[in-house]
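The values are calculated or read from the model by the stated rules, or taken from the named source; none is laboratory data. Bear in mind that the values here come from a model prediction, so they are computed numbers and not experimental data. FYI the Cβ positions are ideal-geometry reconstructions off the backbone, even for glycines, and counts take in every protein chain you see. Surface accessibility is based on the protein's heavy atoms, side chains included, excluding ligands, DNA and RNA. Shrake-Rupley method; radii C 1.70, N 1.55, O 1.52, S 1.80 Å.
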Amino acid sequence: METLGRFCRAIARKKTIDNKTLKDSQLKRGLNIFDLVGIGVGGSLGIGVYVIITHVVKHQTGPSTVLSVLFSGVAALLSAICYAEFAMRLPRAGGSYLYTYAVLGELCAFTVGWTMVLEHIIGAAAAAKAWSQYLNVLMNGTVDRYFEEQLHWSLGPGASDSPDIVACALVIVALGIVILDVKVSAVISCIFTFINGLVILCLMCVGFFHVRHENWTDPPGFFPYGFTGVVSGAGTLFVAFSGVEVVASSTEDTKEPLKVTVSAIFTTMAVCFATYFGVTCALTLAYPWSKLTDEVALPLAFEARNIDGSKYVIGIGGICGLIASTLGCIFAVPRILYAMSNDKVISKCLGHNPVCKNKSGISCFGVVFGGIVSAAFAMCFCLEVLIEMMAIGTLLSFSMVSLCVLCQRYQPTHIGLYQEYDSMDDSRYMQCTEFVYDLPYSSGSYSTDIPPRLKSRSHQNMCDGTESQPLTSGVQRGMTYQKMDSVVKTTSSGSISSLFQVPNDIPLEPTSRTLRTASIALVVYIVSCLVLALFVKLAGCYVTNVSWWALVVILCCAVSLVTTTILITKQPQNQTRLIYRAPYVPFVPLTSLLLNIFMMTSLSYTVWLRFSLWLLVGLLLYFVHGIHSSAESNVDEQEVVLYAIGEQDEN
């Protein structure tokens, strides 16, 4: 039992965040907001427009892809709101991996980080594969004919008929650019994204001039694959919003992350959604969806409408956009590996190697690892397999960030940076660590002149190493209570409506009891979401036929979701004044989780099987290496030693 307890504590240990961790950086801060938006939009716009949309229209959704874009866009926006909060709490490389590590523990964080690595590696491979196809179309098929004549293999289902040397070469070139310098790769990505944006704008304008409403109304109609097709298409399209993750992972490369990251995240979201929606409408209205080709569908569809030069103009736009997507995905991989290696859950050489690093401070081994694996995927697998595998990583990482926001809001302690003063121009940011010891709440109400968390706890400023001081008026930078008084708001709770006000007998600040209640309700909510989503997927025919037992199951799940939502909302929230605070918590993250779970369950079982194999390899590496060498394991050992010394002194 003791061994099992140690094992459970090891996989649940959380990352220790302090002032020095957030202030110091081994990366070169050279990016501005335009670079961030260029990397974020470029990393997802090219593959989203030229690959994923046409695949979803052809194979999953038909004309109702416009609804899939709306569905995935709303889910991505809700997740982006949660990303923005944590990007301000923890402006470090790693994105959702770092956020999960700080809130949910090491095993969950490793799973998310390993999944993110797969997501961006496959994204680069898919973009390079599609780029090869666009180049082949512009050269009238000579590239494919040459390699099919010279090289031919049979690796089984899901593999290419011949090795895609062109796609492999593009990944290697992108790898070299990313190794060169972060600023160079950002500038190149912005240039190609700008050219791609002009081509897409022309594409939408031309498409709306050739609208035929019959393409939406002719049999089999607007919903050829039904509602399940809309959800499945939304799940595949969701990866097109992965630029949000790229922006969040690049905060440590940014000159002023606290000022520009939130704007960059929402600008990336807005540009991507508007583009995807416009292209989907233009394509499905201008050309019959059933006649789309499996490869290079967009330029060939407009060429079939006898639009002169469309094949070459759209082809050039596709080449530019897919180069930017390849760069964006390759750019993100070493940042994730850098964060994981700093925590020593993977080999140190993949993240920070003082002997072999580029101008940005990133280990060249991490860039090379991501590039080589991506090049191998691009060379071996067909595009359809890569597209299907991309979405699951994005959905999982976005869901975990939403879950982190929920968990952190209902905890008594705070993680990350907060706003110390009201004025952003004269503000100073500090770290409030988790070294806060709770004391039982006394009965009765609290006065509003001192926040309840200050009355109920003894504090120790572990960042400055000073003992807590009595509360006085005025602002004195050296006094812990002074700082806490300036950051904690004395509002009743985090509720957004008078319908959900906290009763008088519940503390205004979270306690261990309210945290336990919120956690249980959250677990029940997630289970209810899974049951509902799986039931709709596996027994959808009974729902459409209005079977009484199917309606009972759905009604029970709906009642459970509503009840747990109200119960979570009734619990008091942590009122620390953040630099950016996600609004309408818990409704925003809970809705995000619901939509993401529906999209994840809509993916095919083959996707889950391939993902499980990748995850199995990662967990094997973690339990062989990461769990023992983790930086947090050293912290745990030091705490045990100090505890033992303290006991000896008492004796």
List CYS8, CYS382, ordered by accessible area with a 1.4 Å probe, largest first: CYS8, CYS382
Unsatisfied cross-links (Cα-Cα over 25 Å) in the set LYS129/LYS255; LYS129/LYS311; LYS15/LYS183: LYS129/LYS255; LYS15/LYS183
What residues have an amide H closer than 5 Å to that of LEU31, excluding those fewer than 5 places away on the same chain, when H is modeled at 1.01 Å from N in the peptide plane? THR254, LYS255
Through the Karplus equation 6.51 cos²θ - 1.76 cosθ + 1.60, θ set to phi - 60°, convert the phi angles of the stretch 338-349 into ³J(HN,Hα) values in whole Hz; use x for Gly and Pro. 4, 5, 5, 6, 4, 8, 6, 7, 10, 4, 4, 5
Karplus-derived 3J(HN,Hα), 6.51/-1.76/1.60, for each residue of the stretch 82-93, Hz, glycine and proline x: 5, 4, 4, 5, 6, 5, 7, 5, 10, x, 10, 5
Using the C-alpha atoms of the stretch 568-615, what convex hull volume per residue, in cubic angstrom, is computed? 129 Å³
What's the magnitude of the charge dipole for the stretch 171-269 around its Cα centre, counting Lys and Arg as +1 and Asp and Glu as -1 at the beta-carbon? Answer in Debye, nearest 20. 140 debye
I'd like the FRET efficiency for ASP181 and ALA376, computed as 1/(1 + (r/R0)^6) with the beta carbon distance as r and R0 of 22 Å, rounded to 0.05. 0.30
³J(HN,Hα), Karplus 6.51/-1.76/1.60, whole Hz, each residue of the stretch 299-311, x for Gly, Pro: x, 5, 5, 6, 5, 5, 8, 6, 8, 4, x, 5, 4
What residues qualify as long-range amide H neighbours of ALA159, i.e. H under 5 Å apart, gap of 5 or more or another chain, H built at 1.01 Å from N? CYS382
VAL345 long-range amide H proximity, modeled H, under 5 Å: ALA631
For the stretch 108-234 the translational diffusion coefficient, Stokes-Einstein from a Kirkwood Rh over Cα pairs at 20 °C and viscosity 1.002 mPa s, in µm²/s, is roughly 114 µm²/s
Mind putting a number on the dipole of the stretch 227-317 about its Cα centre? Charges go on the C-beta only, +1 for Lys and Arg and -1 for Asp and Glu, and I need it in Debye to the nearest 20. 260 debye
For the stretch 75-124, what is the largest minus smallest coordinate of the Cα atoms on each principal axis, given in angstrom and ordered from greatest to least? 27, 25, 19
Over the stretch 152-235, with the other protein chains present, what is the accessible area per residue in square angstrom, probe 1.4 angstrom? 51 Å²
What nm value, rounded to one decimal, do you get for the distance between ARG577 and ILE520 when each label is placed 7 Å out toward the C-beta? 3.6 nm
If I model a spin label as a point 7 Å beyond the Cα along the Cα-Cβ vector, how far apart are those points for PHE587 and CYS8 in nm? 3.7 nm
Rg(Cα) of the stretch 158-220 divided by 2.2 N^0.38 Å? 1.80
When the Kirkwood radius is taken over all Cα pairs of the stretch 234-332, what Stokes-Einstein diffusion coefficient follows at 4 °C and 1.567 mPa s, in µm²/s? 83 µm²/s
Sites ILE191 and ASP161 - FRET efficiency at Förster radius 30 Å, r taken between beta-carbons, to 0.05: 0.30
With the dipole of the stretch 219-300 worked out from charges on the C-beta (+1 for Lys and Arg, -1 for Asp and Glu) around the Cα centre, which of SER232, PHE273, TYR287 lies farthest toward the positive end? TYR287
Show me the chymotrypsin sites (Phe, Trp or Tyr not before Pro) within the stretch 213-309 that DSSP assigns to loop and that have at most 11 other Cβ atoms within 10 Å of their Cβ. none
Multiply the residue gap between ALA304 and VAL211 by 0.36 nm, knock off their C-alpha separation, and tell me the result in nm, one decimal place. 32.1 nm
